[in-house]
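This is the structure I want to talk about, given as structure tokens.
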Amino acid sequence: MAGRPSILARTWTTPVILIIILAALQLAALAVGSGPFNQTIIEIFIRVVLVVGLYVFIGNSGVISFGHIGFTCLGAYMTAWLTMLPAIKKSKLKGLPDIILDNKLAYGWGLLAAVIFAGLAAFVAGKVLMRLSGIAASIATFAVLAVIIQVYSNWDSVTGAQSSVVGIPIVRVVWPYFLCAGAAVLVAYAHQISRSGLALRAARDEATAAAASGVDIPRERLVAFTISGGIMGLGGALFAHSVGVVTPDTFYLGLTFITLSMLVVGGMNSLSGAVLGVVILSIIIQLLRWMEKGVDIGGASFALPLGVQEIAIGAVMIVILMYRPAGLTRNRELVWPPRKLSPEGRPAAPADGKTA
Amino acid sequence: MTALLQILFDALSLGSLYALGALGIALIFGVMRLVNFAHGDYIAFCVFAMLWPSIDAAAIVFAGNLPTVILVPFILAVGAGLSVLSEIVVFRRFRNANPATMMIASFALGFVIKYFLLMLYSSRPKSIDLWSNLTRQIEIAGARIPPLQVITIGVTIVILIALTAFLKRTRFGLEMRAAAENFTMARMLGVRANRVIMLAFAVSGMLAAAVGLILVTQTGTVDIQMGANLMLVAFVATVIGGLGSLPGAVLAGYLIGAATVIMQVVLPPDARPFRDAFVYGAVIVMLIWRPNGLFASRAAKQRV
């Protein structure tokens, strides 16, 4: 098999195409330039970071995790602690260590700290949990989320408990979010074609055969879990800087399910699926939101009643999954030139009961 | 002694609710490997079925005014109907999909039900007075216990016995157990798949309705989110019990109920707000100790 091109040579167009899609959104934001529109694009970029973070673990390992939004929460509070004005911290979050209370860092350091902190937390949690598989692993990750949220919504002196933490510096320009989304895509791609990523994907498809070939499944899962935890932390920090307010409730089931849905609707076993799921569902949600606010059609104002937007998005998701159970991309990657085969050189496997 | 009695009743009544919820989820998982995240929204839907649609803060009780002997079967029928309808409209089309896809589809369905309720009733919690005399406390051997707790425990025991009899003594029950054990084999031996699955959905919907009735009597409020938390605990309980195992689901429901009540009593006051964190910590320990659950069903194990 001397002439077989390397995996990089066969698949490098995938991240390029995905980043071009993201760049198109960035350009659209620059072209329109209005505040609300920019905020919409920022939201999409943040969701791209979160869903790509989920993908690094769920897509490559086949284990559904309900706990990743917990790491998002860790990241969001970390950057809040580091970047808020000392005066606000001293009045609201007295329990923080003095060195944090007295200083204020630029948001770039906040993002970095969020990635490291969330990644470390994921490493510690993963160390314990990664020997579980299937539904037990899913529930265990959910328990991790519940523990994190319970602690953050009750630890008054450090997290402000249920009340929201306000005064986080807001970043309104779009390009930092674009850079982070692009970086998340690149990291996910690099992991997916790395030795560890390939081993993990092999274990996802044929656990027994992979283990027999010397793949240390818990170890490869731990690598993916740690990387994805770090990316989730980045997403949380970006979220905190996009709205300036964090509460523990933001990072619970609602966000868990919407990000998971985007991943599954896009196609959970492909990076392209993660990105496209976010972009397509976000566009649908946005269109419905505009319709809910009221649209002028031929002079007559026409608005959907409250709640219809969510009902419609739920129905759209069900219909997409009915016709494409393996997601919009059918678990294939986008490549150039387009071809019928998946990057692994064989037709994409149909969805069957072999997750976990 | 009195304190112990109080703890026992608290634990049993909370555990009963969790056990009923877990049963509803385990029944469906057993026959079709679907983790039904819409279950919590079934619970809320059944409760709202008692009210007339309005977005006012005050609840307009409509069906809730029916006499109890009619109201209870009516709500149970609503639960069963909604559940069967969701199987016909949605889940039937996901027979060959992988579990993750089904799970997200069930979540999307729950989303649709929740916002349908929001559209009709608004998201504000409403208070409703249903059998409120049951929450007035009475004294039993020195412990102050609301009759509702006794009724909850009693009703749960009755439901469990009835369900066991149904599963063990009737033809339908036999078919359901066979389907839960090995679905393909059961079909080959003449069990009609769609009928068994519909039956499982109907029973599961009735369990959701029962949970809804108990919850609304306990709290006196209706809220579109009211089933969510219970559904989560029930979901955790089904996994701890061993997915697909009905006795496991019930036992785990009671265990989580007991753990919650005991932690509330035992933890020092400073740590009490973190009670649920401790409960979920215990869940993690449990899963690592017994990854397949307390009663690992043979069907749940992966074969090579």
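Report the one residue of A:Val115, B:Thr152, B:Ala186 whose Cα lies farthest in the direction of the positive end of the charge dipole of the protein assembly as shown (charges on C-beta: Lys and Arg +1, Asp and Glu -1; origin at the Cα centre).
B:Ala186
What is the Cα convex hull volume of the range A:1-131 when expressed per residue in Å³?
Per-residue hull volume (Cα only) is 184 Å³.
For chain A, what mean projected area does the convex hull of the alpha carbons give, in nm²?
20.1 nm²
So what does the Cα-only Debye profile of the range B:117-246 read at q = 0.10, 0.13, 0.22 Å⁻¹, as log10 I(q)/I(0), no solvent term?
-0.48, -0.75, -1.32
Average projected area of the Cα convex hull of the protein assembly as shown, in nm²?
32.9 nm²
Would you please state the base-10 log of I(q)/I(0) at q = 0.23 1/Å for the range B:145-189, with intensities from the Debye formula using one equal scatterer on every alpha carbon?
Result of the Debye calculation: -0.75.
Okay, moving on. Could you give the alpha-carbon Rg of the range A:244-332 over 2.2 N^0.38 Å, rounded to two decimals?
1.26
Please name which of B:Pro125, B:Thr164, A:His241 has its Cα lying farthest along the dipole of the protein assembly as shown towards the positive end, using unit charges on Cβ (Lys, Arg +1; Asp, Glu -1) and the Cα centre as origin.
Selected residue: B:Thr164.
For the range A:173-269, evaluate the Debye formula with one uniform point scatterer on each Cα (no solvent term) and list log10 I(q)/I(0) at q = 0.12, 0.16 Å⁻¹, rounded to two decimals.
Once normalised to I(0) and log-transformed, intensities are -0.51, -0.84.
When B:Ile128, B:Ile75, A:Ile17 are ordered from fewest to most other Cβ atoms inside 10 Å of their Cβ, what list results?
Least crowded to most crowded, the residues run A:Ile17, B:Ile128, B:Ile75.
Kindly point out which whole DSSP H helices in chain A project their C-alpha atoms 24 angstrom or further along the helix axis while averaging a Kyte-Doolittle hydropathy of 0.0 or above.
In chain A, the long hydrophobic H runs are A:13-32, A:35-61, A:107-129, A:134-152, A:175-193, A:217-243, A:271-293.
Counting only pairs 8 or more places apart or on different chains, how many lysine pairs in chain A have C-alpha atoms closer than 27 Å?
6
Which value in Å is the Kirkwood Rh of the range B:204-261 over different Cα pairs?
12.1 Å
Given charges of +1 on the Cβ of Lys and Arg and -1 on the Cβ of Asp and Glu, with all other atoms neutral, how large is the dipole of the range B:2-300 about its Cα centre, in debye to the nearest 20?
That gives the range B:2-300 a dipole magnitude of about 940 debye.
Further question: Under 20 °C and 1.002 mPa s, how fast does the range B:2-300 diffuse according to Stokes-Einstein, given a Kirkwood radius computed over C-alpha pairs? Answer in µm²/s, whole number.
In µm²/s, the coefficient rounds to 108.
Right, another one. How many partner chain Cβ atoms sit within 10 Å of a residue's Cβ in peptide A:149-162, on average, as a whole number?
Taking the mean over all residues of the peptide, I get 2.
Now a separate question. Ratio to report: Rg/Rh of the range A:93-245, with Cα atoms as the point set and Rh obtained by the Kirkwood method; give two decimals.
Value, to two decimals: 1.03.
Cα-Cα pairs above 19 Å in the range A:54-108: how many percent?
Tail of P(r) above 19 Å: 45 percent of Cα pairs.
Quote the convex hull volume per residue of the range A:1-77, based on C-alpha atoms, as a whole number of Å³.
118 Å³
Another question about this same structure. Quick check for me: using +1 on Lys/Arg Cβ and -1 on Asp/Glu Cβ, what's the dipole size of chain A about its Cα centre, in debye to the nearest 20?
So the magnitude is around 620 debye.
Dividing the alpha-carbon radius of gyration of the range A:128-181 by 2.2 N^0.38 Å (N being the number of residues), what value is obtained?
Rg over 2.2 N^0.38 Å, computed on Cα atoms: 1.69.
Then there's this: Taking the convex hull of the alpha carbon atoms in the range B:1-136, what volume per residue do you get, in Å³?
Output value, Cα hull per residue: 145 Å³.
Taken together, the values in this text are just the output of simple stated rules run on the coordinates, not laboratory data. None of these values were measured; they are calculated from a predicted model. With ideal geometry, Cβ positions are generated from the backbone for all residues, glycine too; neighbour counts draw on all protein chains shown.
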